[in-house]
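Right, one structure below, let's go through it.
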Amino acid sequence: MGTSVQVTPLSGVYNENPLSYLVSIDGFNFLIDCGWNDHFDPSLLQPLSKVASKIDAVLLSYGDMLHLGALPFAMKQFGLNAPVFSTEPVYRLGLLTMYDQSFSRKAVSEFDLFSLDDIDSAFQNFTRLTYSQNHHLSGKGEGIVIAPHVAGHLLGGTVWKITKDGEDVVYAVDFNHRKERHLNGTVLESFYRPAVLITDAYNALNSQPSRQQRDKQFLETILKTLEGGGNVLLPVDSAGRVLELLLILEQFWGQRFLNYPIFFLSYVSSSTIDYIKSFLEWMSDSIAKSFETSRDNAFLMKHVTLLISKDELDNASTGPKVVLASVASLEAGFSHDIFAEWAADVKNLVLFTERGQFGTLARMLQADPPPKAVKMTMSRRVPLVGDELIAYEEEQKRLKREEELKASLIKEEESKVSHGPDNNLSDPMVIDSGNTHSPLDVVRSRGSGHRDILIDGFVPPSTSVAPMFPFYENSLDWDEFGEVINPDDYVVQDEDMDQSAMHVGGDIDGKLDEGSASLILDTKPSKVVSNELTVQVKCSLIYMDYEGRSDGRSIKSILTHVAPLKLVMVHGSAEATEHLKQHFLNIKNVQVYAPQIEETIDVTSDLCAYKVQLSEKLMSNVLFKKLGDYEVAWVDAEVGKTENGMLSLLPISSPAPPHKSVLVGDLKMADFKQFLASKGVQVEFAGGALRCGEYVTLRKVGNPSQKGGTSGTQQIIIEGPLCEDYYKIREYLYSQFYLL
């Protein structure tokens with residue numbers, strides 16, 4: 001049988017809840033994504049709590065709340081203690097996203113699900129990989145290789161490829177095939193026939209206009225509002241899709257020479273942009289090329305002002321302006337407060353660029369028709385004064401006394417344990433307790449001929465500490481080469497230093513904004529004051545799709561091209577999931593699964609695979625030929641067994657029978673056209689064929705993939721008279737293949 005694969009959804013199936021899935025490969029448990037929603041609902045994490053202790057590794061695909069929001073809480077409360085793998089942008093921007101969420105919540109509530117220290121602790125166990133980097137697991141995961149690939153959607157977004165014994169398990173959700181201003185499209189289409197593909201149905205029912213048409217409508221709508229004297233609010237995430245919106249506005253403002261101010265308001269806005277400036281190699285080819293040729297950094301923005309507090313916005317220009325503010329769901333953060341202020345003005349516009357999560361204010365406002373009024377809770381933190389402050393200080397003093405008493409008791413217990421058994425040895429001034437005679441009896445018994453010392457005075461109790469500075473001898477380990485050295489003692493802990501730096505300052509070395517740092521360092525006693533109010537919604541409410549995901553038509557096309565043996569559907573509404581499921585059930589030779597929460601499905605490959613050992617005698621006579629990243633050879637052998645019972649390929653005892661020549665390779669006509677042109681051959685496409693010179697024509701016949709994604713047969717036909725050009729073109733054609 002093939003590699004054993006089981007998939008168990010923990011969250012995010014038949015709905016749009018956060019994503020979290022348990023994937024077991026030959027007993028090695030991967031947790032792929034660990035998301036949470038903006039409600040921070042602990043009930044969503046109950047399935048995760050049951051398996052957290054069994055997780056061997058965590059793979060994160062994106063740096064937003066829906067994909068990693070529950071990681072600090074799970075590590076703190078559920079005992080999740082596994083290495084985490086992600087790309088560098090997912091690590092960095094995910095950390096800033098969690099900081100922004102924490103600041104936004106603590107500013108308006110007694111948020112205690114996780115602290116900043118919990119976030120730091122969760123992000124210390126990351127291993128960061130680059131795209132297409134193969135990482136070989138060890139120990140329990142021996143033989144498993146993981147590799148991140150470009151997914152689009154968000155910076156550092158990942159399609160995970162997990163390989164074991166030649167079989168691929170691919171996890172690809174929220175991918176985007178379209179190339180955007182700051183991101184390349186996904187490389188998912190380059191995969192072919194994976195054993196298992198886990199993907200989502202989130203956009204299966206949606207269609208998208210062209211990028212040019214969408215951008216035109218987006219910018220015209222904003223400009224019309226500004227020219228009418230209104231303000232524009234864009235509720236955005238902390239460090240994800242907001243980057244694409246900033247580039248669109250920055251370029252448009254520069255082209256039109258507009259003077260309307262643009263503000264990006266979040267607790268981590270400065271830190272986000274500082275990091276982004278150093279991540280150009282993760283962005284689109286156009287941005288990377290622009291920096292290489294002219295040293296032009298696309299995120300050195302001239303028209304966007306970065307703000308980290310609401311006071312800065314209030315003190316800014318009073319005229320029309322564009323504000324991109326977190327949080328996108330309007331449940332908390334600056335966007336929540338700004339909406340409450342601006343909603344009653346008919347001139348203003350609230351422009352949503354992503355669908356709000358279920359049950360959030362953003363989702364409610366995106367309804368058709370939108371509500372005319374909404375109830376909102378306005379909260380703010382105020383310092384304690386008067387009797388409340390006195391009561392708080394007395395309570396803190398009481399807690400401090402209790403802590404000191406507890407610490408002293410612990411210290412006393414430790415002293416008893418460490419010095420209790422050797423009371424007499426601890427102090428040379430103590431009389432031998434084993435002697436049953438009193439000191440006076442000793443003097444009397446020895447008579448006047450002896451001069452003995454009578455120790456009379458304070459005798460320490462058995463719990464006392466030796467009357468000298470304690471000395472602890474460090475026992476050193478030695479081997480045949482000398483003292484054993486621990487390499488960790490000599491490693492500069494850059495990551496720890498970087499984490500600690502996150503609490504002060506505000507530059508590219510990973511430091512938080514000054515205003516954000518003040519929230520951490522502010523220890524003034526305070527309380528949260530809340531009041532309910534009804535907000536009249538008179539402003540314009542518009543939704544435009546800037547989520548950066550492939551639409552339904554593209555998803556079907558890409559999945560058909562990838563042609564997985566087994567397809568697992570996750571994350572999407574029940575309607576969208578069933579629609580995509582039925583689409584692929586109507587196609588032969590593909591098995592489709594759509595499991596429920598905590599339902600384990602076995603998607604083990606039906607192929608028979610065997611591990612064999614190649615004997616030295618056989619390998620010494622094999623001639624390999626280079627084929628891309630691989631080496632291939634034709635082998636004639638007999639199957640035998642080694643001494644330990646493992647299958648082995650041995651040289652055949654009789655002469656090898658002749659075999660037909662095999663041409664190995666995949667010729668792309670466009671590439672062959674360029675090759676012929678480099679050889680001086682006049683070549684062009686005409687009528688679906690490649691015309692080479694005056695007489696010879698090449699054409700492909702057959703389908704590369706049959707209906708259902710199964711591999712088909714293609715042939716390349718050379719047509720033309722037997723002339724010099726014919727034989728030359730045929731020779732060039734053969735050179736594109738490997739003959740075995």
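Numbers at a glance
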read-out	value
Residue order for THR577, THR534 - accessible surface, 1.4 angstrom probe, largest first	THR534, THR577
Relative contact order for segment 187-336, counting Cα pairs under 8 Å that sit 6 or more residues apart, in percent	35 percent
Accessible area of TYR267 in the full protein assembly, 1.4 Å probe (Å², nearest 10)	30 Å²
Exposure ranking of VAL662, VAL145 by accessible area [1.4 Å probe, largest first]	VAL662, VAL145
Protection proxy ranking, peptides 364-372, 246-254, average beta carbon neighbours within 10 Å, highest first	246-254, 364-372
Hits among lysines - C-alpha to C-alpha of LYS76 under 22 Å, sequence gap 8 or more where chains match	LYS50, LYS54, LYS106
Ranked by how many other beta carbons lie within 10 Å on average, peptides 646-654, 233-241 from highest	233-241, 646-654
FRET efficiency, GLU412 to ALA316 (Cβ-Cβ, R0 56 Å, nearest 0.05)	0.40
Cα gyration tensor shape of segment 57-108, rounded if a/c is under 1.5, else prolate or oblate by comparing a/b with b/c	oblate
Accessible area (Å², 1.4 Å probe, nearest 10) - GLU402	90 Å²
Per-residue SASA entry for SER43, accessible area with 1.4 Å probe, Å² rounded to 10	70 Å²
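The values are calculated or read from the model by the stated rules, or taken from the named source; none is laboratory data. Treat the numbers as computed from the prediction; the structure is a model and nothing was measured. Positions of Cβ are generated from backbone atoms using ideal geometry, with glycine treated the same way; all protein chains shown enter the neighbour counts. To get the accessible areas, we keep the full protein, side chains included, count just its heavy atoms, and leave off ligands, DNA and RNA. Shrake-Rupley method; radii C 1.70, N 1.55, O 1.52, S 1.80 Å.
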